[in-house]
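Data first, discussion second: the structure below is written as structure tokens.
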Amino acid sequence: MRFLFVILFLTSLNSCKNLNPNDEITFADNVVIAHRGAWKQHGLPENSIASLKHAIALNCTGSEFDVRMTADDVLILNHDNVYHELLIEETNYEELAKFRLSNGEVLPTLRDFILAGIKDNTTTGLVCEIKTSKSKERGQLIAKKVVELVNELNAGQFVASYISFDYDILKRIIELEPQAKTQYLNGTKTPEELHVDGISGLDYERHVLLDHPEWIQSAKELGLTLNVWTVNNQEDMDVFLANGFDFISTNEPELLFERASASPLNSGYKLVWSDEFNYNGKPDPTKWTYDYGFVANQEKQYYVDSLKNARVDNGHLIIEAHKEKVANKDYKNAEIKGWVKYKAEIDTAQYTSSRLKTEGLVEWKYGRIEVRAKLPKGRGMWPAIWMLGENRKEIGWPECGEIDIMEHVGYDNDTIHGTIHTKAYNHIIGTQKGKTIFIENPNEEFHVFVIEWTPGKIDFLLDGVVYNHIENEHKTTAEWPFDQNFYLILNVAVGGGWGGRKGIDDSIFPQQMIVDYVRVYQKLN
Ligand code: MG
């Protein structure tokens with residue numbers, strides 16, 4: 001009874017205080033910030049009350065808007081500093097408001113916009129961008145007036161964040177309202193600098209963040225909120241979703257909702273390792289190492305680590321096979337015996353290529369391994385994305401186990417193979433467990449190759465479709481050696497036992513496998 005009384009008391013206190021009909025807002029549990037409102041799909045004007053209301057209707061966690069101040073100190077919404085060829089800061093509101101927005105709406109004042117945003121809204125935070133003003137002093141004045149207006153309207157709890165390119169505006173907001181959340185937009189401060197200055201988060205342009213993956217990590221460690229603008233295509237949405245961003249600002253909120261629900265994070269995965277290849281030159285040596293020379297399968301390529309054969313360029317890892325002669329360092333090497341003896345019998349290799357691996361650097365037991373790639377084209381090519389058990393050097397193959405996430409042979413261009421090899425199931429004795437799936441245009445378009453590997457099964461997926469499912473039969477490690485760490489290998493072979501079955505077309509070189517990213521997710525407790 002006393003408990004009930006307290007609740008009634010608090011409720012009544014709250015309703016006296018509030019001008020708006022909602023007692024409370026709980027920001028929706030998603031990452032979607034509608035950039036200048038949700039305007040695009042319905043042809044609404046940006047920064048309009050209609051676009052705000054549509055963002056609320058979509059259940060976005062936030063709706064962003066741009067605040068400027070007229071010559072007669074009226075706070076209004078507009079992105080550019082000019083409205084119908086009138087400089088906003090040098091024109092009175094009355095003059096500006098003669099021009100309506102394209103949907104007939106009156107040029108919104110911040111007051112009317114906030115009043116619309118606190119009505120019938122229990123989910124969508126206001127993300128208030130204060131635009132840089134013509135002078136620092138005026139920027140400070142605008143910050144003060146915005147905070148005063150928010151307080152007058154008792155709308156503080158509806159403001160998810162104040163954002164600005166002007167660092168001093170954010171500092172002023174914090175002085176005026178120490179509880180306010182702030183995010184810097186300009187991309188010129190490290191997370192450490194923001195943290196020291198008491199800024200709550202960063203909201204940087206997507207390229208800035210792609211170029212500084214270490215900032216994503218340090219922002220998380222410092223407890224800063226992570227936001228990115230303006231992310232409008234599926235690929236970019238996926239990378240920021242994978243990296244666990246708190247918020248993503250977009251002109252395409254409907255698409256972002258779709259991508260968020262398709263994200264592995266939505267099924268409990270966390271990204272534990274990745275290479276997005278957003279750098280240039282040699283593959284990151286902290287992530288990748290190489291195999292050299294002739295390796296296996298009577299393949300004709302000689303593996304090297306030159307930039308020509310393995311490089312990162314334009315956001316992609318390129319593994320490139322060339323037709324070129326190179327001397328075999330193992331020629332007449334008496335140490336090489338047994339079934340790989342052919343490696344010592346060839347004096348000159350006719351092709352070069354690369355084989356990258358994570359062996360000795362990082363290995364995983366279970367998880368979702370996801371690789372987006374385009375494949376080389378032509379008879380004789382044999383690209384693969386695959387894994388070997390980390391105990392291979394101790395116990396050998398096939399006892400160590402092998403998981404072929406993607407294999408492709410050039411003479412059968414529209415087929416992808418996903419296979420496991422173990423002591424009990426392997427291609428030497430014809431018992432490997434593989435399945436195939438048709439692939440449309442593997443050479444010019446990227447496709448996503450995935451395994452989802454748990455203690456109970458390994459599923460092989462192409463573009464989200466499961467085409468091979470391996471159950472753990474719970475017998476011995478001869479059938480299931482997959483309860484141990486495996487490392488990842490990316491390679492382009494030329495010829496060999498399978499890839500060369502129908503010969504090698506020497507007119508096709510050079511040929512590339514182009515890898516957009518490698519992401520490894522695991523379910524962590
Ligand atoms: Mg903006």
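The values are calculated or read from the model by the stated rules, or taken from the named source; none is laboratory data. It should be emphasised that the depicted structure is a prediction, and the values quoted were computed from it without experimental measurement. Positions of Cβ are backbone-derived with ideal geometry, glycine not excepted, and every protein chain shown enters the neighbour counts. Calculation scope for accessible area: heavy atoms of the full protein, side chains included, ligands and nucleic acids excluded. Shrake-Rupley method; radii C 1.70, N 1.55, O 1.52, S 1.80 Å.
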* Restricting attention to the stretch 189-230, which residues are more than 23 Å from residue 313 (Cβ to Cβ) and aromatic (Phe, Trp, Tyr)? -> 204, 229
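Got a sec? Which of 387, 406, 381 is modelled with pLDDT of 95 or more, of a type in the set (A, V, I, L, M) and more than 28 Å from the chain's Cα centre (by Cα)?
381
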* Could you check, for the stretch 205-225, whether at least one of its residues is of a type in the set (Asp, Glu), within 16 Å of the ligand (Cβ to nearest atom), on the phi < 0 side of the Ramachandran plot and over 13 Å from the mean Cα position of the chain (by Cα)? => yes
* **Residues that are within 16 Å of the ligand (Cβ to nearest atom) and in a helix (DSSP H, G or I), drawn from the stretch 115-130** => 117
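How many of the residues in the stretch 70-82 are over 24 Å from residue 157 (Cβ atoms) and either more than 13 Å from the ligand (Cβ to nearest atom) or in a strand (DSSP E or B) (or both)?
From the stretch 70-82, those over 24 Å from residue 157 (Cβ atoms) are 70-74, 78-82; that's our starting set.
Retained after the next criterion (residues that are either more than 13 Å from the ligand (Cβ to nearest atom) or in a strand (DSSP E or B) (or both)): 70-74, 82.
So the answer is 6.
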* Can you name every residue in the stretch 294-321 that is modelled with pLDDT of 95 or more, in a strand (DSSP E or B), crowded, with 20+ Cβ neighbours inside 10 Å and of a type outside the set (Ser, Thr, Tyr)? -> 301, 310, 312, 316, 317, 318, 319, 320, 321
* Structure fact -> Given the conditions (1) open to solvent by less than 30 Å² (accessible area, probe 1.4 Å); (2) under 23 Å from residue 118 (Cα atoms); (3) assigned to a loop (DSSP other than H, G, I, E, B), every one holds for residue 187 apart from (2)
* To do: Name every residue in the stretch 403-449 that is without any contact (Cβ under 8 Å) to a residue 40 or more places away in the chain, hydrophobic (A, V, I, L, M, F, W, C) and closer than 20 Å to residue 392 by Cα, in order of residue number.
  => 428, 429
* To do: Might you check whether a residue that is open to solvent by less than 60 Å² (accessible area, probe 1.4 Å), within 16 Å of the ligand (Cβ to nearest atom) and without any contact (Cβ under 8 Å) to a residue 60 or more places away in the chain occurs anywhere in the stretch 93-113?
  => yes
* To do: Would you mention how many residues in the stretch 131-164 are assigned to a loop (DSSP other than H, G, I, E, B) and touching a strand residue (DSSP E or B) at 6+ places or on another chain (Cβ under 8 Å)?
  => 4
* Starting from the stretch 465-481, keep only residues that are at positive phi, then list their pairs with residues that are open to solvent by 10 Å² or more (accessible area, probe 1.4 Å) whose Cβ atoms are within a distance under 8 Å, requiring at least 6 positions of separation or different chains. => 474/480
* Among the residues of the stretch 246-267, is any part of a strand (DSSP E or B), touching a helix residue (DSSP H, G or I) at 6+ places or on another chain (Cβ under 6 Å), assigned by TED's automatic domain parsing to the domain that holds residue 38 and open to solvent by less than 20 Å² (accessible area, probe 1.4 Å)? -> yes
* To do: Being within 16 Å of the ligand (Cβ to nearest atom) and either more than 12 Å from residue 206 (Cβ to Cβ) or not aliphatic (A, V, I, L, M) (or both) is the filter; apply it to the stretch 226-242 and report the residue that is least open to solvent (accessible area, probe 1.4 Å).
  => 227
